């Protein structure tokens, strides 16, 4: 863009810049131009410019790129109070953005989707997340903006997972849990990953290479198909076995494993007594559950009380993974089976 300019020796540049800025004469929408031993400052107006410090002229300036918004809500119209009602958080899975919309904002879904599509680098599609449903834990998603399907590759820790958000369970909010459990695996262990979804626990444990064997189990054939695709891409077929099977059916005739993961936050408690029998003596059980916030402090010990079978169980540790709703939290519990 061509504009009036004050051209001064480079040695006087900082002093002139301060003087122009204090006088309100320096344009902030155009970049200052360096020319060998001189500097050209774009002017709001030549009137009042300190001509004695340089030469009033014209130059071709580049426009300053607008600052990227720090919040997608800044891309939407409305008052600050109205923007406060918009969802604060959203999930990014590969090139897909998922957002949960309260009932009173459903009509604004398309414009929220367009704002998120512009805000998230590399985003291809934005969907309204209506939650996970059914025995196979399939997510209901409504397209808000963008194009294409719900299959993508999601990178977390140091692996890239095959994901289809509409067909198989996956949560990007558990990346730290996947890494934490994988880091606890001891050399030579057998690991059962039950209700595995697309297998983030299994893939990371298998890629780390300390486990002797990982068996991943899910009743959803699409989840197992996606996991097998990831396993094949990484060449982990010798370490990870992916089985389409009901968890109770699986644990009924399998030898115990040194480490078992059960990530079924809403229904896992009803399977826990059966699953516990699949844990070897001195083994570990990693259990995830959505718990009412008022019960959080006592829940781990209450869960231990459901485990029977002649072996002593104890709580190694438990912690909050993240809030799940205004009144409940997702907890992670590590339970230890005694040696006798």
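If the condition is being farther than 15 Å from residue 305 by Cα and within 26 Å of the chain's Cα centre (by Cα), then segment 269-288 contributes 286, 288.
Can you pull out every residue in segment 131-147 that is surrounded by fewer than 13 Cβ atoms within 10 Å (Cβ to Cβ), over 16 Å from residue 111 (Cα atoms) and touching a strand residue (DSSP E or B) at 6+ places or on another chain (Cβ under 7 Å)? Of everything in segment 131-147, those that are surrounded by fewer than 13 Cβ atoms within 10 Å (Cβ to Cβ), over 16 Å from residue 111 (Cα atoms) and touching a strand residue (DSSP E or B) at 6+ places or on another chain (Cβ under 7 Å) turn out to be 131, 133. Of the strands (runs of 3 or more DSSP E) that lie entirely inside segment 6-96, those containing 3 or more residues that are more than 30 Å from residue 146 (Cα to Cα) and touching a strand residue (DSSP E or B) at 6+ places or on another chain (Cβ under 7 Å) span 38-42, 55-60. The sole residue among 50, 102, 69 that is closer than 30 Å to residue 174 by Cα, modelled with pLDDT under 95 and touching a helix residue (DSSP H, G or I) at 6+ places or on another chain (Cβ under 8 Å) is 69. How many of the residues making up segment 67-111 are loosely packed, with under 10 Cβ neighbours inside 10 Å, closer than 30 Å to residue 31 by Cα and under 20 Å from the mean Cα position of the chain (by Cα)? Looking only at that region, the number is 1.
Considered as a group, the residues in segment 289-310 that are in contact with a helix residue (DSSP H, G or I) (Cβ under 7 Å, 6 or more places away or on another chain) and modelled with pLDDT of 95 or more include one that is farthest from residue 325 (Cα to Cα), and that residue is 289. Among the residues of segment 161-179, are any out of contact with any strand residue (DSSP E or B) (no Cβ under 9 Å at 6 or more places or on another chain) and either crowded, with 23+ Cβ neighbours inside 10 Å or more than 30 Å from residue 324 (Cα to Cα) (or both)? No: segment 161-179 contains no residue that is out of contact with any strand residue (DSSP E or B) (no Cβ under 9 Å at 6 or more places or on another chain) and either crowded, with 23+ Cβ neighbours inside 10 Å or more than 30 Å from residue 324 (Cα to Cα) (or both).
Please indicate, with yes or no, whether at least one residue in segment 223-237 is more than 22 Å from residue 151 (Cβ to Cβ) and in contact with a strand residue (DSSP E or B) (Cβ under 8 Å, 6 or more places away or on another chain). Show your work before the answer.
Keep residues of segment 223-237 that are more than 22 Å from residue 151 (Cβ to Cβ), which gives none.
Looking through segment 223-237, none of the residues is more than 22 Å from residue 151 (Cβ to Cβ) and in contact with a strand residue (DSSP E or B) (Cβ under 8 Å, 6 or more places away or on another chain).
Among the residues of segment 181-191, are any within 26 Å of residue 95 (Cα to Cα) and within 16 Å of the chain's Cα centre (by Cα)? No, segment 181-191 has no match at all.
The values are calculated or read from the model by the stated rules, or taken from the named source; none is laboratory data. A quick note: this is a predicted structure, and the numbers were derived from the prediction, not measured. Here the Cβ is made from the backbone with ideal geometry for all residues, glycine too, and neighbour counts use every protein chain on show.
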